[in-house]
Amino acid sequence: MNKGCGKYIPFTPVHIPDRQWPSKVITKPPVWCSVDLRDGNQALIDPMNLEEKLEYFKTLIDIGFKEIEVGFPSASETEYEILRTLIERDLIPDDVTIQVLVQCREHLIKKTFEAIDGAKNVIVHFYNSTSTLQRKVVFKTDMDGVTDIAVKGALLIKKLTDELKTQKDVNIRFEYSPESYSGTEPDNAVKICEEVMDALDITADNKIILNLPATVEGSTPNGYADQIEYFCRHLKNRENAIISLHPHNDRGTGVAAAELGLLAGADRIEGTLFGNGERTGNVDIVTLALNMYTQGIDPGLDFSDINKIKDMFERTTKMPVDPRKPYAGELVFTAFSGSHQDAINKGKQYMRDSGTDYWEVPYLPIDPADVGREYEPIIRINSQSGKGGVAYIMQEFGFNMPKAMHPEFSKIVQKVCDEKGKELQKEEVFSLFEEEYRNVCGPYKLLNHKFSEEKEEHEMLTKVHFIGTLKYGDDKPQVIEGTGSGPIEAFFSAIATVGITGYKFLDYSEHAIAVGADAKACSYIHLLNPDGQEVFGIGISHNINYASIKGILCAVNRCQPNTVREKQIPIFSK
């Protein structure tokens, strides 16, 4: 593959030794223009039908777009149809401007003006290609030749606009694109745009939109930014123009190019939802706008229900949104890595404890709730997941495992993930917890028990006395008794009488797993077994003392080679 790289002509950088854009920051959103219904639609394997286009148009309105390119009405009847339907059904809000695209060809321009009849606010967007390559290969002309095409198109558009305004109350604005701007010599791009402005009699009160497309992305984003800054610096009467960008994504840096282009002086962005478009696509407006949102800038577009927008997009375009697409993808608010899961948990805890006004959660640049996403899928479990992620999942089911227990249960979950070779759903994690801890019922079974208090006269202390019946496997039940300073010590004393010894009590914690009259205590018992290994057991009961001894017996039984488990407890049973 390396042998052929010499046949490619590298990008020629623009010489700006005192460039200003690197020291600037974005402080406000651009004017947004959606080109989904034109540029996006023409790139679909199966273009949208009329009803799908109407649904898409309504969604764009709901999001907040005020400028929407609805098609190329002179190109085909279907393109003409959507425009006429929007106008004749009065579906265009008064504060929204529709945009129509047309080449600088006389019959196409005239057809376009027929199509916009009856619209209130229109941008007539005309273009011709100006790049060095297109001039040489496609048009076989020089820069004077393509400039002549643009100027003649501008003069005809001006004439038809003046005529239409004498007949109708219509607001028509002009937009010109030197197509393939990124492949055009900077001075030539400036010159042709100035000629177009003169032909249209552009003034500060009648600004033109000069759209500078990276029709084919040809450089790193800083190269595009240099081209934009150069153009803005050298254009006469810059104040009479709105500089618009239409970045494509051939190099995979369309969003970055748009952001740097805004730093370089652009005022407006044309793009599509999720970046759909020819070849590798247009600039992704969802990503671009939400990038601004994470910097404290209101983008002026509403993506608070991103799933609804994504569903509409996938249904109408038949195009999937990639699971890793920023902000909208199924997996972008999901952490599999153990260290990521732990950091997210700690960040959420910090948010709760500190009461901070800011979003300060590691690995999550945006609050998922701000785009209508849920917290549930943030932590997902596979063989790469850590103990923090498993603990997070269990919290959803009401179990706040003590931190010391996290490694033990995490190893159990990871083992199953490795065996299955795939992600575990949260319900599967919970089922493992039930099987490993709550279903344990043997070989030792406590058939009955009773606690009582005894006062020792000499020591003036109250002791707890335990008596119960313990059964091991199929053996005959045995009465066990023991006394201690509390229920746990008393039970340990009692089981020692039948040879259950060598266990060292390490720790104990508890919490309620329900509220109100049906509240139960969940007891976590942390032991060191006779082999010196740490082991946990849990017990659940309305009686806190019984919950503790159930936890001890659970831990002891889990250490036995012939552990007995009940049939599966119904999932979600508490």
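The values are calculated or read from the model by the stated rules, or taken from the named source; none is laboratory data. Source: prediction; values computed, not measured. Heads up, the Cβs are rebuilt from the backbone with ideal geometry, glycines too, and the neighbour counts pull from every protein chain shown. SASA here: full protein model, heavy atoms, side chains in, ligands and nucleic acids out. Shrake-Rupley method; radii C 1.70, N 1.55, O 1.52, S 1.80 Å.
Taking the options L263, L273, name whichever one is in contact (Cβ under 8 Å) with a residue 40 or more places away in the chain and open to solvent by 10 Å² or more (accessible area, probe 1.4 Å).
From the options L263, L273, the qualifying one is L263.
Restricting attention to the range 24-40, which residues are open to solvent by less than 100 Å² (accessible area, probe 1.4 Å), over 23 Å from the mean Cα position of the chain (by Cα) and under 20 Å from R233 (Cα atoms)?
Selection gives nothing.
Confirm whether N282 is open to solvent by less than 10 Å² (accessible area, probe 1.4 Å), of a type in the set (S, T, N, Q) and under 21 Å from the mean Cα position of the chain (by Cα).
Yes: the conditions hold for N282.
Go through the range 12-23 and count every residue that is assigned to a loop (DSSP other than H, G, I, E, B) and surrounded by fewer than 16 Cβ atoms within 10 Å (Cβ to Cβ).
Selection size over the range 12-23: 6.
Could you check the range 501-545 and list, in sequence order, the residues that are out of contact with any strand residue (DSSP E or B) (no Cβ under 7 Å at 6 or more places or on another chain) and either under 21 Å from G442 (Cβ atoms) or in a loop (DSSP other than H, G, I, E, B) (or both)?
Selection gives T501, G502, A514, V515, P530, D531, G532, Q533, H542, N543.
Looking only at the range 374-395, decide whether some residue is loosely packed, with under 15 Cβ neighbours inside 10 Å and modelled with pLDDT of 80 or more.
Yes, some residue in the range 374-395 is loosely packed, with under 15 Cβ neighbours inside 10 Å and modelled with pLDDT of 80 or more.
Cβ-Cβ distance below 8 Å, separation of 6 or more or different chains: which pairs start in the range 236-260 with a residue that is within 12 Å of I285 (Cα to Cα) and end on one that is assigned to a helix (DSSP H, G or I) and of a type in the set (S, T, Y)?
P247/Y224; V255/T287
Residues checked against (1) of a type outside the set (S, T, Y); (2) open to solvent by 40 Å² or more (accessible area, probe 1.4 Å); (3) within 19 Å of Y546 (Cα to Cα):
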| position | (1), (2), (3) |
| --- | --- |
| D418 | yes, yes, no |
| F430 | yes, no, no |
| E434 | yes, no, yes |
| N439 | yes, no, yes |
| G442 | yes, no, yes |
| L447 | yes, yes, yes |
| V464 | yes, no, yes |
| I467 | yes, yes, yes |
| I480 | yes, no, yes |
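When you scan the range 215-234, do you find a residue that is surrounded by fewer than 19 Cβ atoms within 10 Å (Cβ to Cβ), over 30 Å from I9 (Cβ atoms) and basic (K, R), even just one?
No.
Can you tell me which of A257, A266 is part of a helix (DSSP H, G or I), among the hydrophobic types (A, V, I, L, M, F, W, C) and closer than 20 Å to P22 by Cβ?
Among A257, A266, only A257 is part of a helix (DSSP H, G or I), among the hydrophobic types (A, V, I, L, M, F, W, C) and closer than 20 Å to P22 by Cβ.
Collect the residues in the range 134-173 that are open to solvent by less than 80 Å² (accessible area, probe 1.4 Å), among the hydrophobic types (A, V, I, L, M, F, W, C) and in contact with a strand residue (DSSP E or B) (Cβ under 8 Å, 6 or more places away or on another chain), keeping them in residue-number order.
V146, I149, A150, A154, I157, L164, V170, I172
Only residues in the range 527-554 that are more than 27 Å from S452 (Cα to Cα) and free of Cβ contacts under 8 Å to residues at least 60 places away in the same chain count as the first member; pair them with residues that are open to solvent by 20 Å² or more (accessible area, probe 1.4 Å) and of a type in the set (S, T, N, Q), Cβ under 8 angstrom, at least 6 apart or cross-chain, and list the lot.
P530/T501
How many of the residues in the range 27-51 are β-branched (V, I, T) and farther than 18 Å from Q99 by Cβ?
2
Looking only at the range 117-130, which residues are surrounded by fewer than 22 Cβ atoms within 10 Å (Cβ to Cβ) and outside any strand (DSSP E or B)?
Listed by number, the residues that qualify are D117, G118, A119, K120.
Just to be sure before I move on: is F313 in a helix (DSSP H, G or I) and either surrounded by 13 or more Cβ atoms within 10 Å (Cβ to Cβ) or out of contact with any strand residue (DSSP E or B) (no Cβ under 9 Å at 6 or more places or on another chain) (or both) in the structure I sent?
Spelling it out, F313 is indeed in a helix (DSSP H, G or I) and either surrounded by 13 or more Cβ atoms within 10 Å (Cβ to Cβ) or out of contact with any strand residue (DSSP E or B) (no Cβ under 9 Å at 6 or more places or on another chain) (or both).
Working only within the range 71-96, note down all residues that are at pLDDT 95 or above, more than 15 Å from K53 (Cα to Cα), of a type outside the set (V, I, T) and open to solvent by less than 50 Å² (accessible area, probe 1.4 Å).
Scanning the range 71-96 gives a single hit, P93.
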